[in-house]
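The values are calculated or read from the model by the stated rules, or taken from the named source; none is laboratory data. Source: prediction; values computed, not measured. Glycine gets a Cβ as well: all are built from the backbone with ideal geometry, and neighbour counts include every protein chain shown.
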Amino acid sequence: MCLTILILWLTPDAQARVCPPVFGPPTAIVRATGLGRPPACMRGAQSRLMARRAAEVDAVRKLSLELGYRPRAIVSDFRYVSTIRRNDGYFEVTVEKTIPSTLSAALPARPFGP
């Protein structure tokens with residue numbers, strides 16, 4: 001079996017049929033940014049962690065809306081692009097998800113700003 005595949009792989013006529021494409025399918029990147037505010041009744045590390053988590057949740061929620069899912073849908077295979085702590089204590093978290101471009105044509109119009 002392995003020898004047969006090797007022979008087919010090296011045969012010039014069969015190579016065009018058997019070889020996978022050099023580049024993967026075209027993809028699109030959907031990106032969303034969330035904002036988190038620290039609670040007014042707390043100070044210190046716990047308030048920073050809560051603000052960061054709020055920004056993460058907001059970013060994933062906005063990403064699910066960008067993808068056309070329900071607001072409480074579970075989004076997987078996304079990655080964190082950046083986490084920024086602003087001077088006023090707020091956090092900005094940016095997440096992105098790579099999707100096939102065939103699906104990107106079916107995405108709804110952007111419900112948020114630019």
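Going through segment 59-95 one residue at a time, which ones are within 21 Å of Leu49 (Cα to Cα) and among the acidic types (Asp, Glu)?
Within segment 59-95, Asp88, Glu92 meet the criteria.
Do you know which residues across segment 80-95 are of a type in the set (D, E, K, R) and surrounded by fewer than 14 Cβ atoms within 10 Å (Cβ to Cβ)?
Within segment 80-95, Arg86, Asp88 meet the criteria.
Name every residue in segment 17-37 that is modelled with pLDDT under 85, part of a strand (DSSP E or B) and either exposed (fewer than 10 other Cβ atoms within 10 Å of the Cβ) or among the aliphatic types (A, V, I, L, M) (or both), in order of residue number.
The one that is modelled with pLDDT under 85, part of a strand (DSSP E or B) and either exposed (fewer than 10 other Cβ atoms within 10 Å of the Cβ) or among the aliphatic types (A, V, I, L, M) (or both): Ala28.
Being of a type in the set (Val, Ile, Thr), in a helix (DSSP H, G or I), at pLDDT below 95 and under 24 Å from Thr27 (Cα atoms) is the requirement here; does Val60 meet it?
Yes, satisfied.
Could you list, in sequence order, all residues of segment 70-79 that are aliphatic (A, V, I, L, M) and either surrounded by fewer than 10 Cβ atoms within 10 Å (Cβ to Cβ) or under 16 Å from Thr98 (Cβ atoms) (or both)?
If the condition is that a residue be aliphatic (A, V, I, L, M) and either surrounded by fewer than 10 Cβ atoms within 10 Å (Cβ to Cβ) or under 16 Å from Thr98 (Cβ atoms) (or both), then Ile74, Val75 are the ones that fit.
If a residue has to be in contact (Cβ under 8 Å) with a residue 12 or more places away in the chain and within 13 Å of Gly36 (Cα to Cα) to count, how many in segment 63-94 make the cut? First the steps, then the outcome.
Start the filter on segment 63-94 by keeping residues that are in contact (Cβ under 8 Å) with a residue 12 or more places away in the chain, which leaves 63, 65-68, 75, 77-83, 85, 89-94.
Keeping just the survivors that are within 13 Å of Gly36 (Cα to Cα) gives 83, 85, 89-94.
Summing the residues that are in contact (Cβ under 8 Å) with a residue 12 or more places away in the chain and within 13 Å of Gly36 (Cα to Cα) in segment 63-94 gives 8.
Can you find a residue in segment 35-56 that is under 24 Å from Thr98 (Cβ atoms) and under 12 Å from the mean Cα position of the chain (by Cα)?
No: zero hits.
If you go through segment 73-95 one residue at a time, how many are more than 11 Å from the chain's Cα centre (by Cα) and either part of a strand (DSSP E or B) or over 25 Å from Thr27 (Cα atoms) (or both)?
Qualifying residue count, segment 73-95: 12.
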